[in-house]
1. If you go through segment 18-34 one residue at a time, how many are crowded, with 24+ Cβ neighbours inside 10 Å and within 25 Å of the chain's Cα centre (by Cα)?
2. Name the single residue, out of those in segment 3-17 being among the small types (Gly, Ala, Ser) and within 13 Å of PRO65 (Cα to Cα), that is surrounded by the fewest Cβ atoms within 10 Å (Cβ to Cβ).
3. Has segment 568-575 got any residue that is of a type in the set (Phe, Trp, Tyr) and either under 19 Å from VAL476 (Cα atoms) or open to solvent by less than 30 Å² (accessible area, probe 1.4 Å) (or both)?
4. Of all residues in segment 387-422, which are among the hydrophobic types (A, V, I, L, M, F, W, C), part of a loop (DSSP other than H, G, I, E, B) and open to solvent by 10 Å² or more (accessible area, probe 1.4 Å)?
5. Which residue, of ALA70, ALA173, ALA135, is assigned to a helix (DSSP H, G or I), under 12 Å from the mean Cα position of the chain (by Cα) and at pLDDT 80 or above?
6. Might you check whether a residue that is touching a helix residue (DSSP H, G or I) at 6+ places or on another chain (Cβ under 6 Å), within 24 Å of ASN524 (Cβ to Cβ) and part of a loop (DSSP other than H, G, I, E, B) occurs anywhere in segment 576-595?
7. So VAL491 passes all but one of these: (1) touching a Ser or Thr at 6+ places or on another chain (Cβ under 6 Å); (2) modelled with pLDDT under 95; (3) more than 17 Å from ASN479 (Cβ to Cβ). Which condition number does it fail?
8. When residues of segment 156-168 are filtered for being farther than 18 Å from VAL85 by Cα and open to solvent by less than 10 Å² (accessible area, probe 1.4 Å), how many remain?
Amino acid sequence: MSEISKNVQAALNGDKNAFDELYKATSRAVYFTCLSLIQNETDAEDITQEVYIAAFEKLATLNDPEKFPAWINRIAVNKCKDFLVKKNAHPEQSIDDEGSFGELADENILPEEYVENKEKRRLIMDIIRSGLSDAQYQTVIMFYFNDMSIAEIAEVTDCPEGTVKYRLSTARAKIKQGVLDYEHRTDDTVYAFVGAPFLARLLAAESESVAVPLLKTAGAAAAAAPQTAAVVSKAGGKTFLGTLKGKIIAGAAAAAVIGGGAAAITIAVNNAPSDSIVQDSSDFDDSESGVGISDNGTDEPDNSAVSKPQSDISDTENDSPPVKAEYEYVDIDGGIRITKYNGNDEYLTVPAVIDGKKVLEIDNARENDFIFYDFEREVTIKEITLPEGLTKIGYVAFAYLSELKTVHIPDSVTSLGDGAFEGCSSLENITLPEGLTELNSTFSQCTSLSEITIPESVEVLFNTFEDCTALTRITVPENVREIDCAFEDCVNLKEVTFLGTELDDIGFNAFKGCTSLESIVIPNGIEGILGSAFGGCTSLKSVTLPDDLEEIDLWAFEGCTSLKEIVLPDSLGDFSASAFEGCTDIKITFKGRVYRYEDLDDLYLDILNNA
């Protein structure tokens, strides 16, 4: 039996010191959770205290003592949720499967200094905190630090699982972009480290650096009331919770003190809430509200329609809600912008004219809500035909329409917003018009999309086809100049063709995790292969490099275990010894000399001297 289990059992049997031991074992994680979600030290201290009071009262409801750390962290998340709901001026607002992100970076190849070094860790934490909205940051904390599942986060934040996935996906993309921006501004190279193991370790290390308030369960709590005050718990006959309740009812005061600097806060336990015992710790929700954690950002889906229960609606309102128009829109120059679709036609043709006005855009002006996906009802749209004259499809316009298979986009569309079709897991048929220049997270997690033509006008591919697990072949047009994370975890991608040389680099994570890719020809004109560009391409056997290649970055071909030989061009002047990490059988030829895996350090020095 672990120490946690022993202390839980001892606390249940009335050991006055056992709860102190439980606090010592878990308080750092609990306080870090509260501080991260609330972002105010004084409030975080108060809530940490409330968490342990609640856990002290409800300990007997915990079915598995070994799960005490996860259980109390869940209480902390709920307490933070309630606090933010009460504090927020607009409380009706709210805050993959875990495998939806695919195989993430192996923690053994991550830059250790960015976890262990406080200054470097703070640098990454600043990127995370400044780049994410409140809801995204809160979701990252729950997923990577509290180890909560997608379903658990969705439950505690009162939003659909798709929204949680969206927040995590968007957060990860923003962190990567923040790192790229940092690298462009400085000479420091951080590389693509933002996989689950790194974020979990980073947050754990950050929590260890936090000064935790000191809470002590007063010994008087166990002795102040007669033993006859014990009450048998509803959760299996254990006596500790009942005894505590009996003492509270008897009027005995127990002090729980949190010391924060010069101040200390004393709680009288006889002011604790009345009996309410939850039957199963896995269902424990210490909130009094059905409203999720608040998001004050402007780049998130607004879940207010789901979060606010009908019982919260004022009695002065009509019991029957008004009938919504099929399309909601706002006037813009020359026509209208559709901001919401309230229908559910399986085969939908969006009209070119509504109320005598031309439909020019499909976009939510606030950029914080889905347009066709609906939180309140199931949407079963299978095919969408968009009207001629439409010029813009906005941010997450059709995201997470899980039954959508076919989309007809007119040639008039020149702008396609970030995540426009993200999570459309049934999407199979779509043709993109010429004139588009950027595709950012456009088809991420479209797991049924097996083929698509990228328009010649496109210049930027960022996270475009991440987790498109059915995609088998792709042609990169000549005007593309940036390609980062574009085809990450496209596990069935077998054929890649480059048409031009506008591209300077094969960017970070560009083809990472494409486990079916067997050969790649990189055209002349490309100067660099950046971090993890082909990492984890375990079937890759043949790589043809351009004659004028100058750089092969960290982990560029890490884990390409089928790659047995490669010829490096004489032009190479910047090389990382970890570029072929894990390629233990590889033979590398550079300037006529053959290097084995164990010779990579020598190769690094020879290339360095070649620069």
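1. The number of residues fulfilling the criteria is 5.
2. Ranking the qualifying residues of segment 3-17, first place goes to SER5.
3. Yes.
4. ILE409, the sole residue that qualifies.
5. The match here is ALA135.
6. Checked against the condition, which is being touching a helix residue (DSSP H, G or I) at 6+ places or on another chain (Cβ under 6 Å), within 24 Å of ASN524 (Cβ to Cβ) and part of a loop (DSSP other than H, G, I, E, B), segment 576-595 yields at least one hit.
7. Exception for VAL491: condition (2).
8. Looking only at that region, the number is 5.
The values are calculated or read from the model by the stated rules, or taken from the named source; none is laboratory data. Predicted, not measured: the structure shown is a model, and the values here were computed from it. Glycine also receives a Cβ, built like all others from the backbone with ideal geometry; neighbour counts cover every protein chain displayed. Surface areas here come from the heavy atoms of the whole protein model, side chains and all, with no ligands, DNA or RNA. Shrake-Rupley method; radii C 1.70, N 1.55, O 1.52, S 1.80 Å.
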